[in-house]
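Here the structure is laid out as structure tokens; the discussion comes afterwards.
Values quoted throughout were computed directly from the atomic coordinates according to the rules given, and no laboratory measurement underlies them. All values derive from a computational prediction rather than experimental measurement. Here the Cβ positions follow ideal geometry from the backbone for every residue, glycine too, while neighbour counts run over all protein chains shown.
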Amino acid sequence: MSAIAVRRTLTLACLLTGTVSGSAAAQAGDFAGDTRSYLSRLEKLGFAGVVLVAKDGVPILADGYGLADRERAIRWNPAVVSTVGSITKQFTAAAILALEEAGKVRTTDTITRYFPDVPADKRAITIHQLLTHSSGIADLDGADDWDPIGREEFVRRALAQPLAFPPGQGYEYSNAGYSLLGAIIEQVTGQSWEEYVRARLLLPQRMYQTGYILPRWGEGQLAQGYRAGVRWGTVLERPLDRDGPYWVLRANGGVHAPAWDMLRWAEALLGGQVLSPASMEKLWSPWVDEGGGSHYGYGWAIHEFAGTKVVTHNGGNGIHFADFAIVPSARLVVFLQTNVIADLPVANELLQHIGARWMSGTPYPAVPDVVAMPDSALNALAGSYRLAGGAGTFRVTASDGHLMAEAEGQPAFHLLHSSRVVDTARAARLVALTDRLVAGWRSGDLAEMRRLQPADVPLDRMAQGLTGWVADQERTLGKFHDYQVLGAALQETREMVVVRFRFERGSADRAYVWDLGEQSRVLGVSGRGLRTRLALMPIGPGRFVTWDGGLTASRQIVFEPGRVMLDALGQTVTGSR
């Protein structure tokens, strides 16, 4: 999860440490009004979550939007509990520093003090390096968050794997490194990770609702996760050990908390109520360069801008997502949670937009103002629309207050999913290159994959990534059969080609990202992917806008009797039913 924090920290630092103009009261009032209006529009587009902004310990904004639990019709509010993902790491880091204050560990200790039979290449690893992702410890190969791996087995496997780099000579975000820290905490204290963290860090700050399994959450207090309208539920419904998550997740992710508790945590850190000044200096020091102007501290991403420090981290599991930032000198705290990040990826950027509006008055991005439309009117527009010139078909269906459009045929795919004018030659070239790349992997000939990758990317990384992904899909979808290149999406900052892999019991899509240069190189696979079924949201009679969760600008689609017209950025594409 740190990669997101790295990319946005510089922007946040510039925005959150800027000069505030006008009276504080007027600024806060205007900010709150604009933010509520923006979030209300997003709510109509599917956003559900909570946003909290506090200055000097006083909430300026603490509002919930949408449903935290659709089955019980429970709306989001700052008391709703949801997993904070990798924000968990700051609790592990603070616990280590608390133990150091008690004289039970030292951040300079090597792991040989805590683990027996450490392989020779790992004996120099220190607690400091585990805290800063500079140990070289890699995440367990092929292991899932819910795999029933206990502490001893986890430690053995983590230490048996090859290092990503020699200790102290690089940076690579490592969940496994933080789980090793959790194992150290348990060995030193004789308690479970949660028991120690709860007693030492959480309860003294009245954070009664934060934890893995020990808080007594009431019925309906937990946010349920959703993806494509389907309930995913909570982390607590996944396999758990008797005292919390198994060890692929423990101490690095999965903690649950409400927004109110996270504000208490921020204020306690700022007020010196958790750790000594010397320990706080360690916690928020920029120890290791992450790139992009960001450094990693102990469980936090750190940036210095114009002499002002911004500390931040986010976390999520692809369903639930949380984002957290503190400007210590301004005593500014921003925290948000959502249970629909899979369907509304714009939430990844919400904290950045909120910071921009608060500190510099930057307007929020344009969001279409969706109107309600009866099901009968939506059903009347459903059908297949054949595009002129044999470009393919748009298949339109009605779905939960809006329409969904899916392209059949590569030219139709290019038109529906591109956010800039479609260069048909460019799209066809990227489709052909992607086809050759996947065909080479399938035949075992990786020469084409090597040629199409940047020179600094190891050849086996992309091939092994695809092999592992296919194997993961086969566990639920059955044996892999073949694939189809659906088409290209030409966007302002990147270009993607979507490949549909077919299995015995279904299919799964994979989006390959290409650079924008003439010498096309495949940069990797999009973590957010691309929805092949694109939502069309109603904004008036017969008028809709495309909506992909906020990743790209919306385009207008107009329905008239028997036909559809898509504004393809200056050119009108017409389809007839």
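Rank by packing, highest mean first: peptides 81-89, 206-214, with packing defined as the count of other Cβ atoms within 10 Å averaged across residues.
Working: 81-89: 27.8, 206-214: 20.0.
The most tightly packed comes first, giving 81-89, 206-214.
What are the ³J(HN,Hα) couplings of region 136-147, residue after residue, when phi is run through the Karplus curve with 6.51, -1.76, 1.60 and θ = phi - 60°? Round to Hz, x for glycine and proline.
3J(HN,Hα) across region 136-147, in whole Hz: x, 5, 9, 5, 4, 5, x, 9, 10, 3, 9, 5.
Given R₀ = 51 Å, FRET efficiency for ALA388-ASP34 by Cβ-Cβ distance, to 0.05? Let's see the in-between values first.
On the way: r = 42 Å, r/R0 = 0.83.
That gives a FRET efficiency of 0.75.
With unit charges on the beta carbon (Lys/Arg positive, Asp/Glu negative), name the residue among SER419, SER135, ALA79 whose Cα is farthest towards the positive pole of the charge dipole of the chain.
SER419
If you take the charge dipole of the chain about its Cα centre, with +1 on Lys and Arg Cβ and -1 on Asp and Glu Cβ, which of TYR208, LEU351, ALA511 is farthest toward its positive end?
ALA511
Just to confirm the number: angle between the C-alpha axis of helix 424-443 and the first principal axis of the chain, 0 to 90 degrees, nearest 10?
Approximately 60 degrees, to the nearest 10.
With n ≥ 4 as the cut-off for DSSP H runs, can you work out [θ] at 222 nm for the chain, using -39500 (n - 2.57) per run divided by the number of residues, rounded to the nearest 500?
Values: 15 runs with 175 residues, N = 577.
Theoretical 222 nm ellipticity from helices: -9500 deg cm²/dmol.
Straight-line reach from LYS282: which lysines have a Cα under 21 Å away, not including same-chain ones fewer than 8 places off?
Cross-link targets: LYS89, LYS104, LYS309.
For region 332-401, what number results from the quotient of the Cα radius of gyration and 2.2 N^0.38 Å?
Ratio of Cα Rg to 2.2 N^0.38 Å: 1.70.
With a cap of 16 neighbouring Cβ atoms within 10 Å, and only residues DSSP puts in a loop, list the GluC sites (Glu not before Pro) found in region 192-231.
Numbers: sites: GLU194, GLU195, GLU219; in loops: GLU219.
Counting only loop positions with at most 16 other Cβ atoms within 10 Å, the GluC sites (Glu not before Pro) in region 192-231 are GLU219.
Which listed residue (HIS481, GLY529, LEU430) has the Cα farthest towards the positive end of the charge dipole for region 375-533, taking +1 on Lys and Arg C-beta and -1 on Asp and Glu C-beta about the Cα centre?
Of HIS481, GLY529, LEU430, it is HIS481.
Once both labels are modelled 7 Å past Cα along the beta-carbon direction, what's the GLU504-ASP109 spacing in nm?
In this crude label model, GLU504 to ASP109 measures out at 5.0 nm.
Modelled label-to-label distance, ARG206 and ASN379, 7 Å Cα→beta-carbon offset: nm?
So the label points at ARG206 and ASN379 sit 5.3 nm apart.
Assuming R0 = 51 Å, what is the FRET efficiency of ALA306 and ALA471, from their Cβ-Cβ distance, to the nearest 0.05?
Numbers: r = 48 Å, r/R0 = 0.95.
Step by step, r from the Cβ atoms, then E = 0.60.
Under 5 Å between amide H atoms, partner at least 5 residues away or on a different chain: which partners does ARG563 have, H built in plane at 1.01 Å?
Placed amide hydrogens put ARG577 under 5 Å from ARG563.
If you put +1 on each Lys and Arg Cβ and -1 on each Asp and Glu Cβ, how big is the dipole of region 2-360 around its Cα centre, in Debye rounded to 20? Spell out each step's value before the answer.
Values: 32 positive and 36 negative charges, 105 e Å.
Dipole of region 2-360, to the nearest 20 debye: 500 debye.
If you fit an axis through the alpha-carbon atoms of helix 175-189 and take the longest principal axis of the Cα set of the chain, what angle between them do you get, 0 to 90°, nearest 10?
Roughly 30 degrees, rounded to the nearest 10.
If you stretched the chain out fully between ASP117 and HIS481, how much longer would it get, using 0.36 nm times the residue separation minus the C-alpha to C-alpha distance? Numbers along the way, then the final one.
On the way: separation 364, 0.36 × 364 = 131.04 nm, distance 4.44 nm.
In short, 126.6 nm is gained.
Please list, in order along region 522-534, the HN-Hα scalar couplings obtained from phi with the Karplus expression 6.51 cos²θ - 1.76 cosθ + 1.60 (θ = phi - 60°), rounded to whole Hz, x for Gly and Pro.
Taking θ as phi minus 60°, the curve returns 7, 8, x, 10, 5, x, 8, x, 8, 6, 6, 9, 9 Hz for region 522-534.
Using Cα atoms only, what is the angle between the long axis of helix 459-477 and the major principal axis of the chain, expressed in degrees (0 to 90) to the nearest 10?
80 degrees
Using the Cα atoms of the chain to build a convex hull, what is its mean projected area in square nanometres?
Details: hull surface 108.6 nm².
Dividing the Cα hull surface by four gives the mean projection, 27.1 nm².
Defining a contact as two alpha carbons under 8 Å apart and six or more residues distant in sequence, what relative contact order in percent does the chain show? Don't skip to the end; give the middle numbers.
Values: 1167 pairs, mean separation 87.7, N = 577.
Answer for the chain is 15 percent.
Using a cut-off of under 12 Å, list every residue of region 232-271 whose amide N is near the label point 7 Å from the Cα of ALA79 along the Cα-to-beta-carbon line.
260
How high is the relative contact order of region 401-499, given as a whole-number percent (alpha carbon pairs under 8 Å, six or more residues apart)?
Values: 89 pairs, mean separation 39.9, N = 99.
So the answer I get is 40 percent.
Testing the spin-label approximation: label points 7 Å from Cα along Cα→Cβ at LEU446 and ALA124. State their distance in nm.
Taking the simple label geometry, LEU446 and ALA124 are separated by 2.9 nm.
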